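Visitor: Sharing a structure with you now.
Bear in mind these aren't lab numbers, they're just calculated from the coordinates by the rules spelled out. Since the model is a prediction, treat every value here as computed from it, not as a measurement. We place every Cβ from the backbone using ideal geometry, glycine too, and count neighbours over all the protein chains shown.
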Amino acid sequence: MTGMRCKQWMFLLLVTFTTFAACQGTSQNLGQFQGEGDYGTVLHPGSSHYDAAKGSYTVTGSGADIWSGEDSFHYVWKRVSGDVALTATIQLAGTGGNAHRKAVLMLRQSLAPNAAYADVASHGDGLTSLQYRDAAGADTHEIETYGKGPHRVRIEKRGSYAYVSIADANGTLQPSGAAIRVGLTGDFYAGLGVSSHTVNASETAVFSNVQVEALPPVTTPPVLHSTLETVIVASTDRRVRYTTSGSLEDPNWTPDGKALLFDAAGNLQRFVLDNGVHPIDSTLPRSTAAAPIPVGLKINGDHAISPNGSTIAVGSGDPDGVARIYVVPIDGGTPRRVVADGPAYVHGWSPDGKTLSYSAQQGAGFEAFTIPMAGGSATRLAPQSDVAEFSPDGQWIYFQSDRTGHMQLWRMHPDSSAQEQLLISETVDWFPHISPDGQQIAYIAYKPGTEGHPANQDIELRVLSIADRRVRTVAQLLGGRGTMNVPSWSPDSRMLAFTSYALLPE
């Protein structure tokens, strides 16, 4: 047999086997599910066993992975539509094995290997993440949570978002902070999947107390949940750092890279970063709790850390209701007012720490200003300008302006010369933040026609390369005001910190 004919024969055999496995699954007792099969390139046949007495499913699967642009795994499924939830306790069998073997609760647009999907995946090394492919054939990305298996998890689709919840020490499911906008439409599939991540091997997982349920319409006011996240700009993979009900806003990364500072309902907080502990489940190692920084006033969400990390400039809504700018030691202390007139909103420091950049309301609009930290008069830079931030070399100030009709990204020299628009886009672009290496600008893109910078909108975090003006989307989320109003780059320019939001039933 020639090489080409051999390859064709093997391909036909594989396709025939996959189809046969899928059909075979529909003839046995699958409990709540309707079918099963091996999908993608699978060398070893998968299987499932439903134990009606225990309400559990034992699923065995092979395949290279559930990742990249195409998946290979065994899947037990049910056709669904609308808003649904899939819940189970997951236990991968045995110890050792490939750290990337996966057992998943999956919502999938079709049974094609490259279909759009979202899942909550329990990995062999204990990681629990929300994985997703937002379009057929697109790359898979993930949002890492702090959960470590085995434990009870849930994925639910509500409208255009998928959410992951993880059980706490009392067994109560709590939002994990992992959420993603997905385009599952019409009929799709909900089910249980296993991939060995080792082509020539199989792995087994037990899914117990499995529930597949249609979600009723929400009739009560939703509860706001806030999540501090980071995203690796190169890969766009995200990680939950801290999540809670209520309002969190605008994380700054400290210059040493060890902590995030953010606003919690008008109070400045510090959250010390770590390497994967769980802020929800008390049976697991806890991260350092967010701790208040006493600054002697209520802040308005705008804050910027000095280049040497010793001082933070904050915006405050004073008793007369006017926003002004103060500086205070990074660990707290007595605030010193540096901008007496208002409303004024701080945005950044010059690289030498001697000058603050800010915007102030002038009549119906905003204008960009700088002011020396040692005292003295403010310098007006440009009209119709907002969110002014120095470049790391001090040669530019990046800002936003609606002078061309809607908010767009601009820059100018610190003496206000050489003003130029960086990007012409249909989206409404806010909060430009220059990376510490001076190579990229992160910003928020609202939908065309958006007025102002409202909260709780479908937005994108985008990054503009200064060298070639190319734009990449690094995250899609529910956010806006409070997501990234302040400088948010990690010191090494690899990651961004931001706040995402979820409006969930009580």
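Visitor: Rg over Rh of region 223-504, using C-alpha atoms and the Kirkwood radius, what does it come to?
Guide: Checking Rg against Rh, the ratio lands at 0.94.
Visitor: What nm value, rounded to one decimal, do you get for the distance between E213 and A289 when each label is placed 7 Å out toward the C-beta?
Guide: A separation of 3.1 nm, rounded to one decimal place.
Visitor: On to the next question. Relative to the compact-globule scaling 2.2 N^0.38 Å, provide the ratio for the alpha-carbon radius of gyration of region 24-214.
Guide: Against the compact-globule rule of thumb, the ratio is 0.91.
Visitor: Let me ask something additional. Seen from all sides and averaged, what is the projected area of the convex hull of the Cα atoms in the chain, in nm²?
Guide: Value for the chain: 26.9 nm².
Visitor: Compute the Rg to Rh ratio over region 98-141 from the alpha carbon atoms, using the Kirkwood formula for Rh, and round to two decimal places.
Guide: On the way: Rg = 10.7 Å, Rh = 10.7 Å.
Here Rg/Rh amounts to 0.99.
Visitor: Please report Rg over Rh for region 149-217, where both radii come from the alpha carbon positions and Rh follows the Kirkwood definition.
Guide: For region 149-217, the value is 1.00.
Visitor: Provide the gained length on full extension for the span K354 to D83, in nm with one decimal, where the gain is 0.36 nm per separating residue minus the Cα-Cα distance.
Guide: Difference between extended and current length: 92.2 nm.
Visitor: If each of D492 and E506 carries a label point 7 Å out from its Cα toward its Cβ, how far apart are those two points in nm?
Guide: Distance between label points: 4.5 nm.
Visitor: Right, something else. Write down the Kirkwood hydrodynamic radius of region 372-506, to one decimal in angstroms, obtained as one divided by the mean of 1/r over all alpha carbon pairs. Let's see the in-between values first.
Guide: Numbers: mean 1/r = 0.0644 Å⁻¹.
Roughly 15.5 Å, rounded to one decimal.
Visitor: From Cα coordinates alone, what are the radius of gyration and Dmax values for region 341-394 in angstrom?
Guide: My reading of the Cα-based Rg and Dmax gives 10.7, 33 Å.
Visitor: In debye, nearest 20, what is the charge dipole magnitude of the chain about its Cα centre with +1 on Lys and Arg Cβ and -1 on Asp and Glu Cβ, if you could check? All intermediate terms of the calculation are to be shown ahead of the outcome.
Guide: On the way: 36 positive and 48 negative charges, 136 e Å.
Here the size comes out at about 660 debye.
Visitor: Between D331 and T172, what length comes free when the chain is fully extended (0.36 nm per residue of separation minus the Cα-Cα distance, one decimal in nm)?
Guide: Stretched out fully, the D331 to T172 stretch lengthens by 53.7 nm.
Visitor: Hey, what angle do you get for helix 3-25 against the long axis of the chain, alpha-carbon based, 0 to 90 degrees rounded to 10?
Guide: 90 degrees
Visitor: Could you work out the local net charge near W77, counting Lys and Arg as +1, Asp and Glu as -1, over the other residues with Cβ closer than 11 Å to its Cβ?
Guide: Value of the local net charge: +2.
Visitor: Now for a separate question. When only C-alpha pairs under 8 Å and at least 6 residues apart count, what is the relative contact order of region 24-214, in percent?
Guide: On the way: 596 pairs, mean separation 58.5, N = 191.
Relative contact order for region 24-214 comes out at 31 percent.
Visitor: Still on this structure: Just how far, in whole angstrom, is region 427-506 from region 332-355 if you go by their alpha carbon centroids?
Guide: Comparing the Cα centres of region 332-355 and region 427-506, I get a distance of 23 Å.
Visitor: Next up: Would you mind getting me the FRET efficiency between L224 and K447? Use the beta-carbon distance for r and R0 = 25 Å, nearest 0.05.
Guide: About 0.75, to the nearest 0.05.
Visitor: What does the net charge come to around L268 if you take all other residues with beta carbon closer than 14 Å to its beta carbon, with K and R at +1 and D and E at -1?
Guide: The answer is -3.
Visitor: Can you check what the net charge comes to around G63, using other residues whose Cβ is under 11 Å from the Cβ of G63 (Lys, Arg +1; Asp, Glu -1)?
Guide: Around G63, the charge tally is -3.
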